[in-house]
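**Q** Can you keep this structure in mind? I'll have questions shortly.
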């Protein structure tokens, strides 16, 4: 989520001499951050606008650290042979409380980063890595000890140099937010680092790394956008079904990364922490403290030491997860029934991979009705005096009329539809794998306005 008018005013940094690991290489963001393309990481080319819209509509966002620090918009300068490492938590491990839709592992198919650079388009050289855990945390009160060597299960990407946006002219610094699409199959990250919630920061958080390899002489010539402010926003906001926070300065929806510390690692020897390739060697721009944990003196008085990052999944690594979300308001019938849509069994899929049963329950018994589906949400009153809402945008497709069963004047009626079989019988339905559609139930209730009522709506992501 890009801050549309990110004009930053410099803030005074409070330097505490008692914190040996404090660094002050923070710089106000000049002008507005630009929204860059979404780039297909397999081909290195920008995706179409239709593909970008589809990605943002159906991706399940599992980590979002995009809110601005209350004191202003800043980035931190990064040297060409330094590696920066930040952390966060993806909830969903067994044994913990997780938002609706969370899974124990994640097929990560989208990520988004933010940076500033003087390098021109086609020359920006960045590597980003993801690790289930490095076995440690990086707090600021005081800095934590260095974690052990990197996990061998990490995934490191060279971002496509030829299409990475940069400065618009020689010597001009420009700041960008750029997304990356990994298609239908990404890389796997465990929730809570190992698929289990341990209630331990060392064990439950993932790490990600950042290195900018363009060689500059000025320390502010390139760097990562600083993001996150747990003092002014809600940690974990804007992920899964958790509502977004409001950016403390600019009013945009934003996320404040779950379990993101006010601190980060810098590895100074052109090698990821613990890698051991060039021990004892320091980059020319390296801080005097060497490899270890750093911060900017402590938020909220100083910029929060977190970096811009968004992660999205396409369900579990084991395959596409059945993502079904209720929305809209069910009407209350003459006998107090509120029809509710559920995905009862199976996985809705474009390939018709077995039955997928959608069911409307808590309907008026011994009546007739049908289910109808289409693409897009609406919330239109069924009539001026009805408590029901039409929740599915026209045009729609309908099931055959069926009985709700159950008992007259009771709420034990139900209707079902094998959505995979229904989709297989259609031609031209405008939803492909990864797209979303919406479904709702209509049924008779003679004493009600228009003699009918509607259930709530159910929005479904269609698997391959």
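The values are calculated or read from the model by the stated rules, or taken from the named source; none is laboratory data. These numbers were taken from a predicted model, which means no experiment stands behind them. Every residue, glycine as well, gets a Cβ built from its backbone with ideal geometry; the counts of neighbours run over all protein chains shown.
**Q** Being at pLDDT 90 or above and over 28 Å from residue 71 (Cβ atoms) is true for just one of 212, 164. Which residue is that? So that I can check it myself, show each step before the final result.
**A** Values: 212 fails: over 28 Å from residue 71 (Cβ atoms).
Unique residue meeting the criteria: 164.
**Q** Looking only at segment 113-130, filter to residues that are out of contact with any helix residue (DSSP H, G or I) (no Cβ under 7 Å at 6 or more places or on another chain) and either surrounded by 22 or more Cβ atoms within 10 Å (Cβ to Cβ) or outside the structural domain of residue 210 (by TED's automatic domain parsing) (or both); which one of those is farthest from residue 196 (Cα to Cα)? Before the answer, list the steps.
**A** Looking only at segment 113-130, we keep the residues that are out of contact with any helix residue (DSSP H, G or I) (no Cβ under 7 Å at 6 or more places or on another chain), and these are 113-121, 126-130.
If we keep only those that are either surrounded by 22 or more Cβ atoms within 10 Å (Cβ to Cβ) or outside the structural domain of residue 210 (by TED's automatic domain parsing) (or both) as well, we get 114-117, 119, 126.
On the way: 114: 30, 115: 32, 116: 36, 117: 38, 119: 42, 126: 32 Å.
If we take residues in segment 113-130 being out of contact with any helix residue (DSSP H, G or I) (no Cβ under 7 Å at 6 or more places or on another chain) and either surrounded by 22 or more Cβ atoms within 10 Å (Cβ to Cβ) or outside the structural domain of residue 210 (by TED's automatic domain parsing) (or both), then 119 is farthest from residue 196 (Cα to Cα).
**Q** Looking only at segment 403-422, filter to residues that are surrounded by fewer than 20 Cβ atoms within 10 Å (Cβ to Cβ) and not in a strand (DSSP E or B); which one of those is modelled with the lowest pLDDT? Even if it seems obvious, please write down each step before you answer.
**A** Taking segment 403-422 first, the residues surrounded by fewer than 20 Cβ atoms within 10 Å (Cβ to Cβ) are 403, 405-412, 416, 418, 421.
If we keep only those that are not in a strand (DSSP E or B) too, we end up with 405-407, 409-412, 421.
Values: 405: 95, 406: 94, 407: 95, 409: 95, 410: 96, 411: 96, 412: 95, 421: 90.
Among those that are surrounded by fewer than 20 Cβ atoms within 10 Å (Cβ to Cβ) and not in a strand (DSSP E or B), it is 421.
**Q** Here's another thing I want to ask about it. Among the residues of segment 199-217 satisfying the criterion of being touching a residue at least 40 places away in the same chain (Cβ under 8 Å) and part of a loop (DSSP other than H, G, I, E, B), which is nearest to residue 310 (Cα to Cα)?
**A** Start the filter on segment 199-217 by keeping residues that are touching a residue at least 40 places away in the same chain (Cβ under 8 Å), which leaves 199, 201-216.
If we keep only those that are part of a loop (DSSP other than H, G, I, E, B) as well, we get 199, 205, 213-216.
Details: 199: 23, 205: 15, 213: 22, 214: 23, 215: 27, 216: 27 Å.
That would be 205.
**Q** If you go through segment 224-236, how many residues are buried (at least 22 other Cβ atoms within 10 Å of the Cβ) and within 23 Å of residue 110 (Cβ to Cβ)?
**A** Let us first name the residues in segment 224-236 that are buried (at least 22 other Cβ atoms within 10 Å of the Cβ), namely 224-230, 233, 236.
Checking the rest, the ones that are also within 23 Å of residue 110 (Cβ to Cβ) come to 224-228, 233, 236.
Residues in segment 224-236 being buried (at least 22 other Cβ atoms within 10 Å of the Cβ) and within 23 Å of residue 110 (Cβ to Cβ): 7 in total.
**Q** Another question, then. Considering each residue of segment 288-309, count those that are buried (at least 24 other Cβ atoms within 10 Å of the Cβ) and over 18 Å from residue 229 (Cβ atoms), and give that number.
**A** Within segment 288-309, residues that are buried (at least 24 other Cβ atoms within 10 Å of the Cβ) and over 18 Å from residue 229 (Cβ atoms) number 1.
**Q** Suppose the filter is under 28 Å from the mean Cα position of the chain (by Cα) and part of a loop (DSSP other than H, G, I, E, B); does residue 432 pass it? Steps first, please.
**A** On the way: under 28 Å from the mean Cα position of the chain (by Cα): yes; part of a loop (DSSP other than H, G, I, E, B): yes.
The answer is yes for residue 432.
**Q** So, one more: Taking residue 92, is it modelled with pLDDT of 85 or more, on the phi > 0 side of the Ramachandran plot and surrounded by 17 or more Cβ atoms within 10 Å (Cβ to Cβ)? Before you say what the answer is, go through the steps one by one.
**A** Values: modelled with pLDDT of 85 or more: yes; on the phi > 0 side of the Ramachandran plot: yes; surrounded by 17 or more Cβ atoms within 10 Å (Cβ to Cβ): yes.
Yes; evaluated as a whole, the condition is true for this residue.
**Q** Criterion first (surrounded by 13 or more Cβ atoms within 10 Å (Cβ to Cβ), touching a residue at least 24 places away in the same chain (Cβ under 8 Å), part of a loop (DSSP other than H, G, I, E, B) and not assigned by TED's automatic domain parsing to the domain that holds residue 50) does residue 400 satisfy it?
**A** Working: surrounded by 13 or more Cβ atoms within 10 Å (Cβ to Cβ): no; touching a residue at least 24 places away in the same chain (Cβ under 8 Å): yes; part of a loop (DSSP other than H, G, I, E, B): yes; not assigned by TED's automatic domain parsing to the domain that holds residue 50: yes.
In short, no.
**Q** Output the number of the condition that residue 190 fails; it satisfies all remaining conditions of (1) in contact with a strand residue (DSSP E or B) (Cβ under 7 Å, 6 or more places away or on another chain); (2) surrounded by fewer than 18 Cβ atoms within 10 Å (Cβ to Cβ); (3) at pLDDT below 90.
**A** (2)
**Q** Hey, another quick one. Going by what's in this entry, would residue 18 be described as more than 26 Å from residue 160 (Cβ to Cβ), at pLDDT below 90 and surrounded by fewer than 22 Cβ atoms within 10 Å (Cβ to Cβ)? Let's see the steps before the verdict.
**A** Numbers: more than 26 Å from residue 160 (Cβ to Cβ): yes; at pLDDT below 90: yes; surrounded by fewer than 22 Cβ atoms within 10 Å (Cβ to Cβ): yes.
So residue 18 passes the test.
**Q** When you check residue 438 against the structure, is it touching a residue at least 24 places away in the same chain (Cβ under 8 Å), surrounded by 19 or more Cβ atoms within 10 Å (Cβ to Cβ) and touching a strand residue (DSSP E or B) at 6+ places or on another chain (Cβ under 8 Å), yes or no?
**A** Working: touching a residue at least 24 places away in the same chain (Cβ under 8 Å): yes; surrounded by 19 or more Cβ atoms within 10 Å (Cβ to Cβ): yes; touching a strand residue (DSSP E or B) at 6+ places or on another chain (Cβ under 8 Å): yes.
For residue 438, the condition - touching a residue at least 24 places away in the same chain (Cβ under 8 Å), surrounded by 19 or more Cβ atoms within 10 Å (Cβ to Cβ) and touching a strand residue (DSSP E or B) at 6+ places or on another chain (Cβ under 8 Å) - is met.
**Q** Having 1 or more residues that are under 30 Å from residue 76 (Cβ atoms) and touching a strand residue (DSSP E or B) at 6+ places or on another chain (Cβ under 6 Å) is the bar; report the strands (runs of 3 or more DSSP E) wholly within segment 307-394 that clear it.
**A** Details: elements: 309-313, 324-327, 340-345, 357-363, 368-374, 377-381, 389-392.
In segment 307-394, 309-313 are the strands (runs of 3 or more DSSP E) which contain 1 or more residues that are under 30 Å from residue 76 (Cβ atoms) and touching a strand residue (DSSP E or B) at 6+ places or on another chain (Cβ under 6 Å).
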